[in-house]
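Undergrad: Here's a structure for you.
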Amino acid sequence: DAMVIQNPRYQVTQFGKPVTLSCSQTLNHNVMYWYQQKSSQAPKLLFHYYDKDFNNEADTPDNFQSRRPNTSFCFLDIRSPGLGDAAMYLCATSTAGPQSHTQYFGPGTRLTVL
Amino acid sequence: GQQVMQIPQYQHVQEGEDFTTYCNSSTTLSNIQWYKQRPGGHPVFLIQLVKSGEVKKQKRLTFQFGEAKKNSSLHITATQTTDVGTYFCAGWGDGGSQGNLIFGKGTKLSVKP
(Lines give C-alpha, C1' and ligand atoms only; values in the text may rest on other atoms or scores of the structure.)
Protein backbone atom coordinates (compact mmCIF):
# COMPACT_ATOMS: atom_id res chain seq x y z
CA ASP A 1 0.00 0.00 0.00
CA ALA A 2 1.15 3.52 -0.79
CA MET A 3 2.07 5.27 2.37
CA VAL A 4 4.20 7.68 4.37
CA ILE A 5 6.79 6.03 6.58
CA GLN A 6 8.72 7.62 9.40
CA ASN A 7 11.72 6.18 11.16
CA PRO A 8 12.36 5.78 13.93
CA ARG A 9 8.99 5.94 15.69
CA TYR A 10 10.70 6.90 18.93
CA GLN A 11 14.00 8.71 19.23
CA VAL A 12 15.89 9.59 22.37
CA THR A 13 18.78 12.01 22.19
CA GLN A 14 20.88 14.01 24.57
CA PHE A 15 20.79 17.75 24.96
CA GLY A 16 22.92 19.22 22.20
CA LYS A 17 23.52 15.95 20.36
CA PRO A 18 22.54 16.16 16.67
CA VAL A 19 19.70 13.94 15.58
CA THR A 20 18.19 13.06 12.20
CA LEU A 21 14.65 11.93 11.59
CA SER A 22 13.67 10.34 8.32
CA CYS A 23 10.56 10.18 6.19
CA SER A 24 9.89 8.21 3.07
CA GLN A 25 6.85 8.00 0.85
CA THR A 26 5.60 5.67 -1.82
CA LEU A 27 2.87 8.05 -2.96
CA ASN A 28 5.14 9.83 -5.44
CA HIS A 29 3.91 13.16 -4.14
CA ASN A 30 5.75 16.32 -5.08
CA VAL A 31 5.39 18.06 -1.76
CA MET A 32 6.76 16.90 1.58
CA TYR A 33 6.22 18.70 4.87
CA TRP A 34 7.69 18.56 8.33
CA TYR A 35 5.52 19.50 11.29
CA GLN A 36 6.29 19.75 14.97
CA GLN A 37 3.47 18.81 17.33
CA LYS A 38 3.76 19.29 21.06
CA SER A 39 1.38 17.70 23.52
CA SER A 40 -2.23 18.89 23.16
CA GLN A 41 -1.24 21.37 20.46
CA ALA A 42 -1.87 21.64 16.75
CA PRO A 43 0.80 20.58 14.26
CA LYS A 44 3.11 23.48 13.50
CA LEU A 45 4.63 23.62 10.04
CA LEU A 46 8.42 23.85 10.11
CA PHE A 47 9.16 23.75 6.38
CA HIS A 48 8.26 21.97 3.20
CA TYR A 49 9.75 20.91 -0.10
CA TYR A 50 7.96 21.45 -3.37
CA ASP A 51 10.00 19.05 -5.47
CA LYS A 52 13.52 20.31 -4.78
CA ASP A 53 12.47 23.78 -3.73
CA PHE A 54 12.86 24.32 -0.02
CA ASN A 55 10.39 26.60 1.77
CA ASN A 56 11.17 27.56 5.33
CA GLU A 57 8.56 29.00 7.68
CA ALA A 58 9.61 32.37 9.02
CA ASP A 59 9.55 31.31 12.66
CA THR A 60 11.36 27.98 12.25
CA PRO A 61 14.59 28.10 14.30
CA ASP A 62 17.91 27.75 12.48
CA ASN A 63 18.51 24.70 14.62
CA PHE A 64 16.17 22.81 12.30
CA GLN A 65 17.35 21.85 8.83
CA SER A 66 16.00 19.57 6.16
CA ARG A 67 17.25 17.60 3.19
CA ARG A 68 15.40 15.97 0.35
CA PRO A 69 17.82 13.90 -1.71
CA ASN A 70 15.09 12.51 -3.96
CA THR A 71 11.32 12.44 -4.37
CA SER A 72 10.84 9.61 -1.91
CA PHE A 73 12.93 10.71 1.05
CA CYS A 74 13.06 13.73 3.28
CA PHE A 75 15.13 14.23 6.43
CA LEU A 76 14.79 16.51 9.42
CA ASP A 77 18.07 17.43 11.09
CA ILE A 78 18.11 19.00 14.52
CA ARG A 79 21.62 20.31 14.98
CA SER A 80 21.61 20.94 18.71
CA PRO A 81 18.43 19.67 20.33
CA GLY A 82 17.20 21.51 23.37
CA LEU A 83 14.70 20.36 25.95
CA GLY A 84 12.09 22.47 24.22
CA ASP A 85 12.48 20.47 21.02
CA ALA A 86 10.96 17.38 22.59
CA ALA A 87 7.85 16.76 20.53
CA MET A 88 6.20 14.58 17.94
CA TYR A 89 7.58 15.27 14.48
CA LEU A 90 5.16 14.57 11.68
CA CYS A 91 6.00 14.19 8.03
CA ALA A 92 3.28 14.75 5.49
CA THR A 93 2.98 14.68 1.72
CA SER A 94 0.62 16.09 -0.84
CA THR A 95 0.31 16.31 -4.58
CA ALA A 96 1.86 19.27 -6.30
CA GLY A 97 0.57 22.71 -6.79
CA PRO A 98 -2.80 23.90 -5.60
CA GLN A 99 -3.63 24.51 -1.99
CA SER A 100 -6.59 22.22 -2.31
CA HIS A 101 -4.82 18.91 -1.96
CA THR A 102 -5.04 16.59 0.99
CA GLN A 103 -2.06 16.07 3.24
CA TYR A 104 -1.14 12.49 4.07
CA PHE A 105 0.60 12.19 7.39
CA GLY A 106 3.11 9.62 8.52
CA PRO A 107 2.83 8.03 11.97
CA GLY A 108 5.30 10.49 13.44
CA THR A 109 8.55 10.26 15.39
CA ARG A 110 8.37 11.08 19.07
CA LEU A 111 11.57 12.80 20.11
CA THR A 112 12.74 12.81 23.70
CA VAL A 113 15.62 15.06 24.73
CA LEU A 114 17.45 14.13 27.92
CA GLY B 1 -0.68 36.92 10.50
CA GLN B 2 -3.50 34.64 9.59
CA GLN B 3 -5.03 32.74 12.48
CA VAL B 4 -7.48 29.89 12.71
CA MET B 5 -9.36 29.66 16.00
CA GLN B 6 -11.15 26.52 17.02
CA ILE B 7 -13.56 26.00 19.89
CA PRO B 8 -14.16 24.35 22.22
CA GLN B 9 -10.75 23.07 23.21
CA TYR B 10 -12.26 20.07 25.00
CA GLN B 11 -15.65 18.41 24.84
CA HIS B 12 -16.87 15.57 27.01
CA VAL B 13 -20.11 13.91 25.94
CA GLN B 14 -22.15 10.90 26.83
CA GLU B 15 -22.33 8.29 24.13
CA GLY B 16 -25.29 9.08 21.92
CA GLU B 17 -25.10 12.84 22.43
CA ASP B 18 -24.28 15.19 19.60
CA PHE B 19 -21.00 17.09 19.27
CA THR B 20 -20.01 20.22 17.38
CA THR B 21 -16.68 21.96 16.92
CA TYR B 22 -16.32 25.39 15.35
CA CYS B 23 -13.52 26.93 13.39
CA ASN B 24 -13.05 30.63 12.63
CA SER B 25 -10.44 32.33 10.52
CA SER B 26 -9.23 35.90 10.73
CA THR B 27 -9.14 36.02 6.94
CA THR B 28 -11.00 34.49 4.02
CA LEU B 29 -10.00 30.94 3.28
CA SER B 30 -9.69 29.40 -0.14
CA ASN B 31 -10.70 26.09 1.37
CA ILE B 32 -10.80 24.29 4.67
CA GLN B 33 -9.87 20.76 5.61
CA TRP B 34 -10.78 18.67 8.63
CA TYR B 35 -8.54 16.07 10.20
CA LYS B 36 -9.02 13.57 13.02
CA GLN B 37 -6.20 12.49 15.28
CA ARG B 38 -6.78 9.51 17.51
CA PRO B 39 -4.91 9.38 20.84
CA GLY B 40 -1.31 8.44 20.08
CA GLY B 41 -1.95 8.62 16.35
CA HIS B 42 -1.37 11.02 13.51
CA PRO B 43 -3.80 13.38 11.76
CA VAL B 44 -5.97 11.67 9.19
CA PHE B 45 -7.77 13.62 6.51
CA LEU B 46 -11.55 13.63 6.78
CA ILE B 47 -12.83 16.10 4.24
CA GLN B 48 -12.21 19.30 2.32
CA LEU B 49 -14.69 22.13 1.73
CA VAL B 50 -14.12 24.62 -1.04
CA LYS B 51 -17.33 26.41 -1.94
CA SER B 52 -19.03 29.16 -0.01
CA GLY B 53 -21.90 27.70 2.03
CA GLU B 54 -20.89 24.13 1.21
CA VAL B 55 -22.28 21.30 3.31
CA LYS B 56 -20.94 17.76 3.14
CA LYS B 57 -21.95 14.66 5.05
CA GLN B 58 -20.10 11.51 5.94
CA LYS B 59 -22.47 9.16 7.75
CA ARG B 60 -22.94 10.80 11.16
CA LEU B 61 -20.55 13.69 10.40
CA THR B 62 -21.76 16.95 8.85
CA PHE B 63 -19.30 19.58 7.70
CA GLN B 64 -20.20 23.16 6.82
CA PHE B 65 -18.26 26.02 5.26
CA GLY B 66 -19.58 29.49 5.95
CA GLU B 67 -20.93 31.82 3.31
CA ALA B 68 -18.05 34.21 3.87
CA LYS B 69 -15.54 31.36 3.80
CA LYS B 70 -14.18 32.41 7.17
CA ASN B 71 -15.77 29.79 9.37
CA SER B 72 -16.57 26.12 9.40
CA SER B 73 -18.10 23.53 11.65
CA LEU B 74 -18.08 19.80 12.17
CA HIS B 75 -21.13 18.19 13.74
CA ILE B 76 -21.29 14.58 14.87
CA THR B 77 -24.71 13.11 15.47
CA ALA B 78 -25.13 10.45 18.15
CA THR B 79 -21.49 10.11 19.15
CA GLN B 80 -19.90 6.72 19.59
CA THR B 81 -16.78 5.73 21.52
CA THR B 82 -15.00 5.33 18.20
CA ASP B 83 -15.36 9.08 17.67
CA VAL B 84 -12.85 9.78 20.44
CA GLY B 85 -9.92 11.90 19.31
CA THR B 86 -8.89 15.43 18.47
CA TYR B 87 -10.53 17.11 15.51
CA PHE B 88 -8.50 19.76 13.72
CA CYS B 89 -9.63 22.21 11.11
CA ALA B 90 -6.95 23.47 8.77
CA GLY B 91 -7.38 26.36 6.45
CA TRP B 92 -5.58 27.43 3.35
CA GLY B 93 -5.27 31.16 3.03
CA ASP B 94 -5.92 33.03 -0.16
CA GLY B 95 -2.29 34.03 -0.35
CA GLY B 96 -1.43 31.10 -2.59
CA SER B 97 1.58 29.94 -0.63
CA GLN B 98 2.17 26.26 -1.11
CA GLY B 99 2.76 25.72 2.58
CA ASN B 100 0.21 28.12 3.93
CA LEU B 101 -1.98 25.56 5.72
CA ILE B 102 -2.88 26.86 9.16
CA PHE B 103 -4.19 24.40 11.74
CA GLY B 104 -6.64 25.27 14.45
CA LYS B 105 -5.68 24.14 17.94
CA GLY B 106 -8.11 21.27 17.77
CA THR B 107 -11.06 20.07 19.81
CA LYS B 108 -10.42 17.03 21.92
CA LEU B 109 -13.51 14.85 22.13
CA SER B 110 -14.01 12.28 24.83
CA VAL B 111 -17.06 10.01 24.82
CA LYS B 112 -18.32 8.32 27.94
CA PRO B 113 -19.94 4.95 27.27
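The values are calculated or read from the model by the stated rules, or taken from the named source; none is laboratory data. What you see is a predicted model; the values in this text were computed from it and never measured. Because the Cβ atoms are built from the backbone with ideal geometry, glycine has one as well, and the counts that use them run over all protein chains shown. Only protein heavy atoms, including side chains, enter the accessible area calculation; ligands, DNA and RNA are left aside. Shrake-Rupley method; radii C 1.70, N 1.55, O 1.52, S 1.80 Å.
Undergrad: Within segment A:14-114, considering only strands (runs of 3 or more DSSP E) that don't extend past its boundaries, which have at least 3 residues that are open to solvent by less than 30 Å² (accessible area, probe 1.4 Å)?
TA: The strands (runs of 3 or more DSSP E) meeting that bar are A:19-25, A:31-37, A:44-50, A:73-78, A:87-94, A:109-113.
Undergrad: Suppose we filter segment B:82-103 for residues that are of a type outside the set (A, V, I, L, M), part of a strand (DSSP E or B) and at pLDDT below 95; how many remain?
TA: 4
Undergrad: Quick test of your reading of the structure: residue B:79 fulfils all but one of (1) over 14 Å from the mean Cα position of the chain (by Cα); (2) open to solvent by less than 70 Å² (accessible area, probe 1.4 Å); (3) modelled with pLDDT under 95. Name the failing condition by number.
TA: (3)
Undergrad: Of (1) assigned to a strand (DSSP E or B); (2) within 14 Å of chain A (Cβ to nearest Cβ), residue B:62 satisfies all except one. Which?
TA: Result: residue B:62 fails condition (2) only.
Undergrad: Test residue B:48 against the stated conditions and say whether it is touching a residue at least 60 places away in the same chain (Cβ under 8 Å) and either among the polar types (S, T, N, Q) or outside any loop (DSSP other than H, G, I, E, B) (or both).
TA: No; evaluated as a whole, the condition is false for this residue.
Undergrad: Filter segment B:28-42 down to the residues that are assigned to a loop (DSSP other than H, G, I, E, B) and either at pLDDT 95 or above or of a type in the set (D, E, K, R) (or both) and list them by number.
TA: Scanning segment B:28-42 gives a single hit, B:38.
Undergrad: Can you name every residue in segment B:29-45 that is in contact (Cβ under 8 Å) with a residue 24 or more places away in the chain and open to solvent by 60 Å² or more (accessible area, probe 1.4 Å)?
TA: B:38, B:39
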